[in-house]
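The values are calculated or read from the model by the stated rules, or taken from the named source; none is laboratory data. Just so it is clear, the structure is predicted and the values come from calculations on it, not from any experiment. Cβ placement follows ideal geometry from the backbone for every residue including glycine, while neighbour counts extend to all protein chains displayed.
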Amino acid sequence: MTNDAQPEEHGQALLPAVNSYTEWDPLREVVVGSLLGGVFPDWQDSMVHVVPDAARPVFQELGGSPLPAGHLKAAEEELEGLVEVLEAHGIQVVRPDAAEHQAPFRTPHWSSAAGLYAGMPRDLLMVVGDAIVEAPMSWRCRHHEVDAFRSLIKSYFRRGARWLPAPRPQLTDELYRTGGDAGDWAVTEFEPVFDAADFLRFGRDLIVQRSHVTNEFGIDWLRRALGPDFGVTVVDTDDPHAMHIDATIAPLAPGKLLVHPERYVPHEIFDGWEILPAPEPTLPHDWPMYFCSPWVSMNVLSLDPETVVVESQEQPLIDALTGWGFRCVPVDFRHVYSFGGSFHCVTLDTVREGGPARYLSRPGARDPRPSHAEQEP
Ligand code: DAV
């Protein structure tokens with residue numbers, strides 16, 4: 001076995017084993033999560049701002065118990081349906097290992113009745129160019145979630161990818177703000193934490209939102225770990241429940257931003273971009289949603305700058321995107337919605353064509369790049 005970077009054949013182009021700089025460049029390889037063996041999370045007070053009210057008693061009573069079997073089976077079938085559609089588009093799909101999510105675990109300071117699932121690699125991992133970042137997640141039940149993805153990460157590393165695990169968080173009580181004022185974040189600045197899904201990639205620039213799982217310390221850690229070739233800009237969002245930016249902002253192509261009609265706050269870095277407010281989701285009000293809002297309707301996955309995977313029943317969104325010049329690939333996904341996400345959440349794009357470029361205007365950037373950083377390597 002060799003650790004040398006080996007270019008791989010993905011379609012016609014020879015690309016590194018891990019190569020993904022944007023949310024929209026042509027997709028060649030992708031990780032699709034698995035909900036198999038998933039359990040309800042052990043309740044933690046810091047979840048109160050982000051999970052739907054109805055989920056709290058469920059997590060308190062059923063934390064560590066298997067997710068409802070029938071609904072889970074339907075969700076797994078929808079994930080298989082997504083895999084088939086991606087493969088039919090010539091995209092290589094890889095899946096996590098089976099993992100034990102039901103086992104309780106403890107540290108010297110706290111314990112968790114169980115884990116969660118391996119369903120949402122976007123929350124946990126981030127590909128920035130040729131690097132895979134492991135996020136320091138603040139929900140205690142997710143402390144070992146990366147295990148299901150470690151053989152994949154090791155395999156990418158052996159084929160030349162860089163591997164950037166964030167400092168292992170302690171997740172002691174000092175991290176969590178209890179009894180704070182309305183508007184306070186659930187996490188303090190005790191140590192760096194973030195979920196990868198609070199970031200979006202635009203070539204050499206990333207944007208990030210502060211949230212109930214992402215603090216300034218975590219953003220600073222990532223900024224310094226990525227180094228001067230990348231810029232990380234914090235953008236305001238108007239979302240008291242903020243956890244993961246990908247049902248608030250969805251960049252679909254250079255210059256085209258799909259946004260949540262209320263949560264999106266205009267920012268100068270998007271000067272010159274077309275902004276499309278997403279239409280209302282179509283999900284029935286009585287559909288079980290344990291982790292998130294129906295706005296995961298806009299959590300779409302770009303296969304290339306003209307093609308997006310959209311939930312089959314989100315006809316108003318399909319119409320709006322079609323009218324904006326996109327080709328929509330419809331996939332049934334409502335049962336997956338129930339467990340916390342849609343197409344962007346359940347995937348991690350490890351290989352897209354394209355390289356580092358600049359797409360955002362940076363008039364107020366604190367550390368303007370020297371001009372040599374604008375050039376392709
Ligand atoms: O609208 O509840 C969902 C983010 C999915 N990871 C919402 C945000």
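The table below gives the values:
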| item | result |
| --- | --- |
| Residue pairs meeting the criteria (Cβ under 7 Å; at least 6 apart or on separate chains; first closer than 15 Å to Leu348 by Cα and among the small types (Gly, Ala, Ser), in region 7-36; second at pLDDT 95 or above and surrounded by fewer than 20 Cβ atoms within 10 Å (Cβ to Cβ)) | Ala17/Arg159; Ala17/Gly160; Ser34/Arg95 |
| Looking only at region 159-181, and only at residues there that are small (Gly, Ala, Ser) and in contact (Cβ under 8 Å) with a residue 40 or more places away in the chain, the one that is surrounded by the most Cβ atoms within 10 Å (Cβ to Cβ) | Ala161 |
| Qualifying residue in region 197-208 (condition: in a loop (DSSP other than H, G, I, E, B), of a type in the set (Asp, Glu) and either touching a residue at least 60 places away in the same chain (Cβ under 8 Å) or away from the ligand (no atom under 16 Å from the Cβ) (or both)) | no |
| Positions within region 126-136 being crowded, with 24+ Cβ neighbours inside 10 Å and either within 16 Å of the ligand (Cβ to nearest atom) or of a type in the set (D, E, K, R) (or both), in sequence order | Met126, Ala135 |
| Output for region 95-125, where each listed residue is surrounded by 16 or more Cβ atoms within 10 Å (Cβ to Cβ) and either more than 16 Å from the ligand (Cβ to nearest atom) or assigned to a helix (DSSP H, G or I) (or both) | Arg95, Pro96, Ala99, His101, Ser112, Ala113, Ala114, Gly115, Pro121, Arg122, Asp123, Leu124 |
| Every pair of residues 6+ apart whose Cβ atoms lie under 6 Å, when the first sits in region 343-362 and is closer than 16 Å to Pro26 by Cβ while the second is part of a strand (DSSP E or B) and among the aromatic types (Phe, Trp, Tyr) | Tyr359/Phe202 |
| Qualifying residue in region 130-137 (condition: of a type in the set (Asp, Glu) and within 18 Å of Trp221 (Cβ to Cβ)) | yes |
| Which listed residue is surrounded by 14 or more Cβ atoms within 10 Å (Cβ to Cβ) and away from the ligand (no atom under 16 Å from the Cβ), from Thr307, Thr237, Thr282 | Thr307 |
| Qualifying positions in region 298-319 - in contact (Cβ under 8 Å) with a residue 24 or more places away in the chain and of a type in the set (Gly, Ala, Ser) | Ser302 |
| Counted residues, region 330-342 - those being under 20 Å from the mean Cα position of the chain (by Cα) and more than 16 Å from the ligand (Cβ to nearest atom) | 2 |
| Which numbered condition His143 misses (of (1) free of Cβ contacts under 8 Å to residues at least 40 places away in the same chain; (2) farther than 18 Å from Val213 by Cα) | (2) |
| Filter result for the condition that a residue is out of contact with any Asp or Glu (no Cβ under 8 Å at 6 or more places or on another chain) and farther than 30 Å from Val208 by Cβ, over Pro41, Pro52, Pro68 | Pro68 |
| Any hit, region 27-35, residues being touching a Phe, Trp or Tyr at 6+ places or on another chain (Cβ under 6 Å) and hydrophobic (A, V, I, L, M, F, W, C) | yes |
| Sole exception among (1) away from the ligand (no atom under 16 Å from the Cβ); (2) buried (at least 20 other Cβ atoms within 10 Å of the Cβ) for Trp324, by number | (2) |
| Residue tally, condition more than 16 Å from the ligand (Cβ to nearest atom), not charged (D, E, K, R) and not in a loop (DSSP other than H, G, I, E, B), over region 240-274 | 5 |
